[in-house]
Number of protein chains: 2
Amino acid sequence: MTLLAEAARRIPLNRDRVLSAAVVLADEVGIESLSMRRLAQELGVVPMALYKHVANKEELLGGMVDTIVGEIGPPVPDAPWKSAVRLRVLSARQVLLRHPWARPVIETRTNVTPAVLGYMDGFAGMFLTGGFSVDLTHHVMHAMGSRMWGFTQEVFDDSAGAGNQHAQVPADARAAMAQQMAENFPHLFKIAAVAAHEDGSVVGNGCDDQYEFEFALDLLLDGFERLHQQNWTSGGGKGK
Amino acid sequence: MTLLAEAARRIPLNRDRVLSAAVVLADEVGIESLSMRRLAQELGVVPMALYKHVANKEELLGGMVDTIVGEIGPPVPDAPWKSAVRLRVLSARQVLLRHPWARPVIETRTNVTPAVLGYMDGFAGMFLTGGFSVDLTHHVMHAMGSRMWGFTQEVFDDSAGAGNQHAQVPADARAAMAQQMAENFPHLFKIAAVAAHEDGSVVGNGCDDQYEFEFALDLLLDGFERLHQQNWTSGGGKGK
DNA sequence: CCGCTAGGTGTACGGTGTACACCTTTACGA
DNA sequence: TCGTAAAGGTGTACACCGTACACCTAGCGG
């Protein structure tokens, strides 16, 4: 913080240094702890200095997203649309898993940046060059939604029942909770019971996120394929 | 604020009054303007008074979600699973459209409340009583994700290009922007052009949200149906 | 050498959630 | 009828947030 930071302070800040520092910081401490003040401190600089390189926090977040969109890497050329899309989504997913903060940020973003538009454009391109009609491509893009980025909106989530503090909650209390769950939410209970049985864990979501993601992704892709093959148009399906 | 609020203040606050006032306020001013202070003011009470009925803001938000989950209404009984699910989702969607703040709140919720669990349980129940295996139901629930609540994660969104201030941006500037978009994002441009042509608007998203939503929903439901009919299990598809 | 400008500083304002100690009203058992 | 305990409302205070605004300073082109 003293000599090193001091030396680093010599070479002046710039937008990129700010953005990548923000990415690193968010990776480390989580997006909810990323404040302008904290980021400035990390850069050995006074908070207001950041505003010489970034208009406001909104723009900072946008820039951070841009930064990691750059990590996704280009689409593989000359692949059939389906595998091209699949690979790109899964590769985006890898990036997003490295930067867990990105999901909420992307979701709440309001002003889409050129980099993001570029990514989406490439995405649409895969369908179009795959022979999809413009019409179908449009709807398909909507149907992909945020799955385009490699994440699903999980409403399930862990943390509901007992937790990771294994022995924290005594076994009998946990049993009582399970019992109550079985009474009040029998269907969820069934599902959870099977999922829990599949791997060892007793409670905490026994779900393979990657598997669930690919399950849904492939379901969609297969659907797209079918529509494409039967020359679907928005008029035919159920009329706009 | 004076006599009426004073009179209302006589009858003491309770959790429900707090929650429904919060819902109303969020409906009116948006979730980002819903602060404890503002809500307290609306109730003619000092901020800290709220904490006698709600542990903290997190819990307030959770309670608000509970409140509107109650608006969704019960599932229709004895309908085939597909239409039952479809109806329930679309009815949830109606509620969520009335309370636009609910989407971000549900998405960021971490501690799922019983009411939410109840809704999800009913959801799972429709598949199970429809004959779905527990296994398939599990994956199907994940695949639904937040679509269960009637909303899609729109990464597209308006506001990107020009806006609603029709004459604000001169026509030539708008043309220049369109030109630039055509150059940088040719695929998106094609899609947008068609969508814009379909209805009158020149720019602003020419998308029928309801249509897009149902398109994706039906795509998923059809996919589920197919898997169900062919007795899909997680082993068969692509192996867990 | 001057002066302009890009970049860093310091202070200050209005907002947030909420901890904590306090007061007031109400309900109820003796 | 009264005393008291609890439930509910109040006031103050703290730490934090984003950022407006005025200022200073170093470096560079004319």
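Could you give every pair whose Cβ atoms fall below 7 Å, whose first residue belongs to region B:31-47 and is away from chain A (no Cβ under 14 Å), and whose second residue is small (Gly, Ala, Ser) and within 10 Å of DNA strand C (Cβ to nearest atom), counting only separations of at least 6 or pairs across chains?
Close Cβ pairs (under 7 Å, with a partner that is small (Gly, Ala, Ser) and within 10 Å of DNA strand C (Cβ to nearest atom)) amount to B:ALA40/B:ALA49; B:VAL46/B:ALA40; B:PRO47/B:ALA40.
Check A:GLU58, A:GLU28 and return the single one that is within 14 Å of chain B (Cβ to nearest Cβ), more than 10 Å from DNA strand C (Cβ to nearest atom) and at pLDDT 95 or above.
Every option except A:GLU58 fails the conditions.
Return a yes/no flag: does region B:82-103 have any residue that is over 30 Å from B:ASP218 (Cβ atoms), at pLDDT 95 or above, small (Gly, Ala, Ser) and buried (at least 20 other Cβ atoms within 10 Å of the Cβ).
Checking region B:82-103: not a single residue is over 30 Å from B:ASP218 (Cβ atoms), at pLDDT 95 or above, small (Gly, Ala, Ser) and buried (at least 20 other Cβ atoms within 10 Å of the Cβ).
State whether the residues of region B:94-112 include one that is of a type in the set (D, E, K, R), assigned by TED's automatic domain parsing to the domain that holds B:LEU220, without any contact (Cβ under 8 Å) to a residue 40 or more places away in the chain and farther than 18 Å from B:ALA143 by Cβ.
No, every residue in region B:94-112 fails to be of a type in the set (D, E, K, R), assigned by TED's automatic domain parsing to the domain that holds B:LEU220, without any contact (Cβ under 8 Å) to a residue 40 or more places away in the chain and farther than 18 Å from B:ALA143 by Cβ.
Filter region B:28-44 down to residues that are surrounded by fewer than 14 Cβ atoms within 10 Å (Cβ to Cβ) and within 17 Å of B:THR108 (Cβ to Cβ), then give me how many there are.
Going through region B:28-44 one residue at a time, the tally reaches 4.
Which of the residues belonging to region A:108-135 are closer than 17 Å to A:GLU154 by Cβ and buried (at least 19 other Cβ atoms within 10 Å of the Cβ)?
Correct list: empty.
Mind checking which residues of region A:130-149 are hydroxyl-bearing (Ser, Thr, Tyr) and within 8 Å of chain B (Cβ to nearest Cβ)?
The answer is A:THR137, A:SER146.
Of (1) on the phi < 0 side of the Ramachandran plot; (2) modelled with pLDDT of 95 or more, A:VAL76 satisfies all except one. Which?
(2)
Against the condition at pLDDT 95 or above, within 16 Å of DNA strand D (Cβ to nearest atom) and closer than 26 Å to B:ALA196 by Cβ, how does A:GLY131 come out, does it pass?
No; evaluated as a whole, the condition is false for this residue.
The values are calculated or read from the model by the stated rules, or taken from the named source; none is laboratory data. Just so it is clear, the structure is predicted and the values come from calculations on it, not from any experiment. Quick reminder, even Gly has a Cβ in these numbers, built from the backbone with ideal geometry, and neighbours come from all protein chains shown.
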